[in-house]
Every structure is written in structure tokens, then in C-alpha cells.
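First comes the structure, then the notes that go with it.
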Amino acid sequence: MKTIQKLMLGVALCLLVTKLQAQTNTWVTLKGQLKGFNNQVEVQDMSEFQYLLPPSTTRMILADSTGHFSIRFKVASPNYFRLGRNQLYLSPGDDLEVFIDYSDPKKASFKGKGAEANTYLKATPFPKGGSFIEAGSQVKPVMEETFATIEAMAAQREQELAKLSKASPEFLRLEKARIKADLINSYQSGKFYSTYELKLKDEQAKAFEAQYAKAIEPKVKALSQNFTDASLMKLVVYRDVAEDVVKEGGSPADIQTITDWYKASDLVNAMQKVKDKQQLAVYKTQLAALKTPAFKAAALASLKQLMAFGKGDLAVDFIATDINGKPVSLSSLKGKVIYVDLWATWCGPCMQEMPHFEKLKALYKDNPHVVLLSLSIDDDAALWKNSITGRKADGYQWMINRAKLQAYNIVGIPRSLLIDKNFKMVEMSAPLPSETHAAKAINALLK
């Protein structure tokens, strides 16, 4: 009996260890050094959900003064990300030591688990630069020479991909598709870049563009055959060409999913431009019509976030710390127009805003109905205080942990908030101090 109990206990322990290992392996660790970046950097999701989901701060890097950093975050499944101008492919359990130079992605280095795939990605061409056209640098005087050049570049990438020995089959599949999508994008982008680089104008430009379009039509058509695959939507460049690819047919399910992505993307983009929450409600019906559950859920999450708190709502109170270390609350400023300048000592653009913030403060120094609140999200009180004393800044100087500002969805800074005398939100992203209409926005609330 005891033997059976021991055996059962052993099995339970094995199951527990396996479960814990599975949970541990959902994490990705990145550490190393960044060059040419601001201190605040996001590891951006580059998958098909890049713009569909609400913004998140879970992958925000805060590098030190020398650019060194360490970050750990969860990744449910292999996915594409971007750090600066470098594409990354990260899988659960990856542990990478990196060096990334913002000015030159090819100078990046990777060591550790996942290094081979990310080293290959250093040479990924930029879709918005026309992929292999490289923003016009590969345009040749003769159209056929341009085609031959980009085709040779695509062939070279295929050769480099074939040399990988540790990359997963899924990564190889996706990257092979990327090369084909990059080539389609190169053909299509070449018309504009060639016209510009060759300095063609008027009738000459029209004649060239017509000839160019006729020349690439069979090339694009051939590449697009049997290329409709919704699973490739996680590639940025495939999303750029998929609308043309689906014209060549494919399975109804793939076409529906791809079509739904474009619909969801357009709806989320439109929702983000709406400032009145009452007008957001109409999007719920349109989102409900999407047939792809994942895209519908992501877009609805964005709608929920936009409707949860914003213009016209009572400001969410929070407790910060003043320059003397005492707790202070936003609600203590009720009854005044409150302009909040969010910043940190490690944020270069924030520090550039400081002289403008001081000038804005000076405009209202004798007005008891206005408060200009300088709110730092620094995690080092000494650096924060040194910055204030070094600049001889006065007035409302507070510091707070970013986690206490979840309702305000503070992803990037500098950012400004504007609250009226009734403690209601007027702008979640108010004009920055350097913008001329910052004072106009404040003055409008004083009337």
C-alpha cells in the first residue's frame, strides 16, 4: 500500500514539476545594451494584433544611462516583435543577450537561446521602404535591371535562410513567405520609387508608369498564386500585399479571415480618432459583424478600453508624492483647471519640453484657478529631485509609480492631461507644453 502511495506521490510531483516548467517557459528574457535609443523603449508586438489590441506597458524597457537593460515578459507562443528598427522572433523560453544600434539594424548582435533566427532577421528589408527596393536605392536606369536586382536580392535571402540549422520549421515557413511577399511589395513599390529616382515628370512619368504596371502584372500574378494564407498575416509585409494576393483566389476561410483583419483594422483606427465616448457605441454593432473570433475579440477589447475612461468622465484620483516626500492626491486640486505634464528624467523628449512647461507655468502664475502639475514617473527619487533642484523648478512637483496610473493608460511620454474645474477629463492626450494651442486649451476652460 505504501509503495502505491509513494508511486502516486511521485507521479503527482512529476506533474507539478512539468506544470511549473511549462509556466516558466512562457517567459522571454532580453538583456544587453541599446545604442542611440531614448531610455524608454517598447518591445513592440508586430503580429496581426499589433494595432487591434489596446496598448500595453508589459514590454517597456527602461535602460540605464549607458543603455544597459534587462527585461522579462510573457510570450504565449512564437511571435514577431520589434526593438528599435530590428525585427525579433521570440519564442517561449528564449533567453537572449543583445546589442542593438538604432541607427543600423545590421550592427545588432545576439547570443543565447533564439540567437540564430534573430541574427538572420538583422537583414530584414523594410516594407515601408519598398522592401528590396530599399527606399529607391536599388532603382536602376533600366526597368529590367531594377527587376533583376530585386530578384537577386530575394534569391540571396533564400540562400541565407536555407543555411539556418537551429531555426524552427515554423520560422522557416514564415520567412520563406516573407521573401515572396517582400518581392511582391518590391515590384509594386518600384513604380513610385523609379519615377522619383529617375526624375520623370508629366507625360514621361505617365508613360513609364503604364509600361511598368504592364511589366510587373504577370510577375505579381505568378507570385500571388496559391499564396492566400491567413496564418501569414502575422508578417507586416504580407499584410501590406494581402489585399492584392486574395484577388488570385484561395480558400473561403482564409479570404474571410484576411478580409476581417482589414475591416477590424479600419474600425479600430476610426475608433481611436473619436473623442466623444457616446459616438463610440455605434462601433459595437460593426465589430459584432466580424466573423473571425480573434480579431473581433481584440477589436472589442480596444473599444472597451476606449469607452472605459476618457473625455467627459470624472478624473480617476491617485496618490503621488511631493518634493518633501509627503503623499498628495489629485483630488486635492478639485475646483481648478488642472494641466498635468507627465515626464521622467530618462526621457529625452520630456526634458526638451521642460523650458516650454516653465513658460506655460509663468502664464498662469498669478491665476488661482489653474494648476500646472509636473508629474514624474521616475523610479529613482534622487534623480527626480536632482533634476528639479538643478532646474530650480518650483510649483507642483510630484512623483508617482506608473502602475498607479493604469486608468490613464500611460504608455509613452511626454504626455499631457487636461482636467476641468468640475474634475472631469477634457483631454487624455492634451497639447504638449511646446504646442501653441496648449494655452488655448487651458484658456477655453477658464471662460
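The values are calculated or read from the model by the stated rules, or taken from the named source; none is laboratory data. Since the model is a prediction, treat every value here as computed from it, not as a measurement. In this analysis, Cβ positions are derived from the backbone assuming ideal geometry, glycine residues included, and neighbour counts consider all displayed protein chains. Remember, those area values only see protein heavy atoms, side chains included, never the ligands or the DNA or RNA. Shrake-Rupley method; radii C 1.70, N 1.55, O 1.52, S 1.80 Å.
Descriptive notes on the structure:
- Compared with the dominant Cα axis of the chain, that is its longest principal axis, helix 169-197 is turned about 90°.
- Pairwise Cα inverse-distance average, inverted: Kirkwood Rh of the stretch 168-252 (Å): 14.0 Å
- Taking the chain as a Gaussian network of alpha-carbon nodes connected by springs under 10 Å, the highest mean-square fluctuation of the residues 389, 58, 146 belongs to 389.
- The chain: antiparallel DSSP beta bridges as a percent of all, rounded to 5: 65 percent
- Against the chain, whose longest principal axis is taken from its Cα atoms, helix 381-391 shows a tilt of about 70°.
- DSSP bridge pairs, the stretch 288-447: antiparallel proportion in percent, nearest 5: 55 percent
- Neighbour net charge for residue 114 - beta-carbon separation under 11 angstrom, K R +1, D E -1: -1
- When the chain is treated as a GNM with alpha-carbon contacts under 10 Å, the residue of 336, 326, 263 showing the greatest mean-square fluctuation is 326.
- Annotation: per residue accessible area for the chain equals 52 Å², rounded to a whole number [probe 1.4 Å, protein chains only].
- Charge dipole (Cα centre; +1 on Lys/Arg Cβ, -1 on Asp/Glu Cβ; no other charges) of the chain amounts to roughly 1120 debye.
- Where labels lie 7 Å past Cα in the beta-carbon direction, separation of residue 285 and residue 301 in nm: 2.7 nm
- The sum of -39500 (n - 2.57) across all DSSP H runs of n ≥ 4, divided by the residue count of the chain, sets its helix-only mean residue ellipticity at 222 nm to -14500 deg cm²/dmol.
- In the chain, the longest principal axis of the Cα atoms and the axis of helix 348-363 are about 40 degrees apart.
- Given the choices (1) 0.92; (2) 1.18; (3) 0.99, Cα Rg over 2.2 N^0.38 Å derived from the coordinates of this structure is entry (2).
- Compactness of the stretch 331-447, expressed as Rg and Dmax over alpha-carbon positions, Å: 13.4, 40
- Whole-Å distance, taken between Cα centres, linking the stretch 254-294 and the stretch 392-447: 29 Å
- Comparing 201, 106, 140 in a Gaussian network model of the chain where C-alpha atoms under 10 Å apart are linked, the largest mean-square fluctuation is found at 201.
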